[in-house]
Amino acid sequence: MPLTARQRSIHNKNGTKRSASFSKGKKTRKASESEFLMTNAPSDLRSIAYPGGAVALVLLLTSRLLAAYWSHISDCDETYNYWEPLHYLVYGSGLQTWEYSPAYAIRSYMPLWLFALPAKILSYIMAPITVFYTIRVILATLSASADFMFYKAICHEFGVHVGRVWLCLTLPAAGMFASSAAMLPSAWSSALVAAALACWWRKRYPYAVVLIATTTLLSWPFTAILGLPIAIDMLLLKRQYTEFIKWSFISLLVILLPTVAVDSWHYGRLVVAPWNIVAYNIFTEHGPDLYGVEPWTYYFVNGFLNFNIVWVLSLSCPLLLSACTAVAPRSTSRAGFCVPYWLALLPLALWLVVFMLQPHKEERFLYPVYSMIVLTGAISLDCLQKMTFAVGTELFSWRKDREKRHYLAYTGPLMVMFVILAGIGGISRITALYNNYHGPMTLLRHIPESSKSGILCFGKEWYRSPSSWHLPHHHRMSFITSQFDGQLPAPYQETSDGDNGTYVDVSQCHYLVDSDIGTPTRLEPAYHKQTNKWDIIATVPLLDSSKSHPLFRSFFIPALSYKNIVYANLYLLRNKLLIN
């Protein structure tokens, strides 16, 4: 496709020669960013194809909206710490965790209200399950919009080739599929950080500061770490002290004050939730290490599951950039208006170092840098192409064409091979997740609508609940005793912030979720076999991970996966004594 002057200026970052001025006879002056034109680039580079704005946006929207509908809730924190309180704000009922207790107050209600307001309006015309998926669509749309900003900024800062590779790698990535529509602060921060970095690279500093402040104060306080490179650029390199202080102060007033007001109203006392979560995780004896302590290898394995070969490329980025600079130094040179590589990629390095050193590790903790993981993977692939071309010009007949042809003309197949491998790996992982864990998202649809109230109970499968949003009107969720001895959430009450009514007797349950995973015990009997008390009204398949091969349960491989994994049953039971 023909390129505009602006697009040709972006192409220059792929290592082609630049001309500082194109106006002959005029007084020499320092060229501006918009004047970098590719006046003598090889003809094959002029016709390089890459998705334009509209195409890229449609692709991102399609990918993220598919995730909104097909992805499951992979973390019980999403159910109990966000979907349940949101259900309480909209419908007046839900489950409350200890984090929302006034004694701790480490969760803010402010970001939930941003979703509760449109959800409340929709609740008058839609069933709760429809509202649930509509909110997911909103989350996916916001995520796609942030990713679109990130894509445009990559094309501007790192070149359109890196941009198109990033787009090809992010669309089928399992990590992006899991995070883009999740109701989690780390997922919101993923979008806000991507937008902030995009604004930073485009020199839109006020927006970058505001977005970092938003993710810090309204979403997840620890993402302030990701704003450190922006602060370094503004304060130490650009010396924009006034702009940084001004917009930081404005953000503090506009975001923090309403947040404090809303949370103080909910908790009945002065509460600064962003500070409370930092204080709890850093300045208490146990910190966040009560649950989720994992070995140092956790993120390496998890990163490969979510990004496969892209994760390997991402971790290799510093090494490959250094090697590329040594082998082909001109190919890694940066235009004067670009942020240095070390600073542009510093957010990812900071985040990985900080969170890999923490004992408490969870998949969602890496959500804020998922876009950066794919970016560094794309940069690494670009470096491999440049080094392949540099070596090829010395060893093969490419040398005579070195000045006539671009490195992409020879190394395109290498890029295509990596993109296809990454895409197959991502789709394989997404398919495995859907086949193995999507059942709970559909099971509760079999509860019939009724004008009478009812209680749905979870026992040993408490962590698989998709939330109260999946229940008909007038129904509520509760728990029966099981082998789990941790603290489960309790129902919100109209006159207080919660009570101790976590458990109910199994005889009070109108419906019960059970499974045939594991060996029955006194506290966890096989309720689905008690046919004198319970009717099975629905069954969905569920992976029995203890009996399945680790590789084939992690990735779907046709003709092999079903031979090497074992599915159990998740049952929805109806109490015969309470419901005729």
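Considering region 277-308, and only residues there that are touching a helix residue (DSSP H, G or I) at 6+ places or on another chain (Cβ under 9 Å) and among the polar types (S, T, N, Q), the residue that is nearest to Ala103 (Cα to Cα) turns out to be Asn281.
None of Ala224, Ala208, Ala231 is more than 26 Å from Leu112 (Cβ to Cβ) and among the small types (Gly, Ala, Ser) except Ala231. Applying the criterion of at least 2 residues that are without any contact (Cβ under 8 Å) to a residue 40 or more places away in the chain, touching a Phe, Trp or Tyr at 6+ places or on another chain (Cβ under 9 Å) and surrounded by 13 or more Cβ atoms within 10 Å (Cβ to Cβ) to the strands (runs of 3 or more DSSP E) found wholly in region 430-519 leaves 475-479. When residues in region 272-294 are screened for being open to solvent by 50 Å² or more (accessible area, probe 1.4 Å) and under 22 Å from the mean Cα position of the chain (by Cα), 3 of them pass. A single member of Leu366, Leu345, Leu357 is assigned by the TED database to the domain that holds Asp75, over 16 Å from the mean Cα position of the chain (by Cα) and surrounded by 15 or more Cβ atoms within 10 Å (Cβ to Cβ), and it is Leu345.
Ile138 meets the conditions (1) open to solvent by 10 Å² or more (accessible area, probe 1.4 Å); (2) in contact (Cβ under 8 Å) with a residue 24 or more places away in the chain in every case but one. The failed one is (2).
Being over 22 Å from Leu211 (Cα atoms), among the β-branched types (Val, Ile, Thr) and outside any helix (DSSP H, G or I): is that true of Ile125 here? Taking the combined requirement at face value, the residue satisfies it. Annotation: of all residues in region 529-543 being more than 14 Å from Cys509 (Cα to Cα) and open to solvent by less than 30 Å² (accessible area, probe 1.4 Å), the one that is farthest from the chain's Cα centre (by Cα) is Ala538. Of the residues making up region 58-79, those that are open to solvent by 10 Å² or more (accessible area, probe 1.4 Å), of a type in the set (Ser, Thr, Tyr) and more than 15 Å from the chain's Cα centre (by Cα) are Thr62, Tyr69.
Take the residues in region 458-491 that are polar (S, T, N, Q) and more than 28 Å from the chain's Cα centre (by Cα), then tell me which one is nearest to Gly94 (Cα to Cα). Filtering region 458-491 for residues that are polar (S, T, N, Q) and more than 28 Å from the chain's Cα centre (by Cα), the one nearest to Gly94 (Cα to Cα) comes out as Ser478. Close contacts from region 87-108, counting a first residue that is closer than 20 Å to Pro258 by Cβ and a second that is among the β-branched types (Val, Ile, Thr) and part of a helix (DSSP H, G or I), with Cβ to Cβ under 8 Å and a gap of 6+ residues or different chains, come to Val90/Val131; Ile106/Ile277; Arg107/Ile277; Ser108/Thr259; Ser108/Val262.
Among what's in region 553-567 and is of a type in the set (Phe, Trp, Tyr) and touching a residue at least 24 places away in the same chain (Cβ under 8 Å), pick the residue that is least open to solvent (accessible area, probe 1.4 Å). By that ranking, first place goes to Phe555. Of the listed requirements (1) over 19 Å from the mean Cα position of the chain (by Cα); (2) buried (at least 21 other Cβ atoms within 10 Å of the Cβ), Asp147 misses just one: (1). Please go through region 188-202 and pick out each residue that is of a type outside the set (Phe, Trp, Tyr) and surrounded by 24 or more Cβ atoms within 10 Å (Cβ to Cβ). Listed by number, the residues that qualify are Ser189, Ser190, Ala191, Leu192, Val193, Ala194, Ala195, Ala196, Leu197, Ala198. Among the candidates Leu570, Leu523, Leu577, the residue that is of a type in the set (A, V, I, L, M), within 14 Å of Phe458 (Cβ to Cβ) and either part of a loop (DSSP other than H, G, I, E, B) or open to solvent by 30 Å² or more (accessible area, probe 1.4 Å) (or both) is uniquely Leu523.
Looking at this structure, is Val131 in contact with a helix residue (DSSP H, G or I) (Cβ under 8 Å, 6 or more places away or on another chain), open to solvent by less than 30 Å² (accessible area, probe 1.4 Å) and without any contact (Cβ under 8 Å) to a residue 60 or more places away in the chain? No: the conditions fail for Val131. What are the residues in region 154-197 that are in a helix (DSSP H, G or I), among the hydroxyl-bearing types (Ser, Thr, Tyr) and either closer than 23 Å to Ile427 by Cβ or free of Cβ contacts under 8 Å to residues at least 60 places away in the same chain (or both), if any? Within region 154-197, Thr170, Ser179, Ser190 meet the criteria. Test Trp166 against the stated conditions and say whether it is of a type in the set (Phe, Trp, Tyr) and in contact with a Ser or Thr (Cβ under 6 Å, 6 or more places away or on another chain). Here the answer is no, as Trp166 does not meet what is asked. Residues in region 89-103 that are open to solvent by 10 Å² or more (accessible area, probe 1.4 Å), closer than 18 Å to Pro185 by Cα and not acidic (Asp, Glu): Leu89, Gln96, Thr97, Trp98. How about region 228-271: which of its residues are open to solvent by less than 30 Å² (accessible area, probe 1.4 Å), free of Cβ contacts under 8 Å to residues at least 40 places away in the same chain and not hydroxyl-bearing (Ser, Thr, Tyr)? Answer for region 228-271, where residues must be open to solvent by less than 30 Å² (accessible area, probe 1.4 Å), free of Cβ contacts under 8 Å to residues at least 40 places away in the same chain and not hydroxyl-bearing (Ser, Thr, Tyr): Ile230, Ala231, Met234, Val260.
The values are calculated or read from the model by the stated rules, or taken from the named source; none is laboratory data. Just so it is clear, the model here is predicted, and its values are computed rather than measured. Counting neighbours? That spans all protein chains shown, and the Cβs are built from the backbone with ideal geometry, glycine included. Accessible surface is based on the protein model in full, side chains and every heavy atom, while ligands, DNA and RNA are left aside. Shrake-Rupley method; radii C 1.70, N 1.55, O 1.52, S 1.80 Å.
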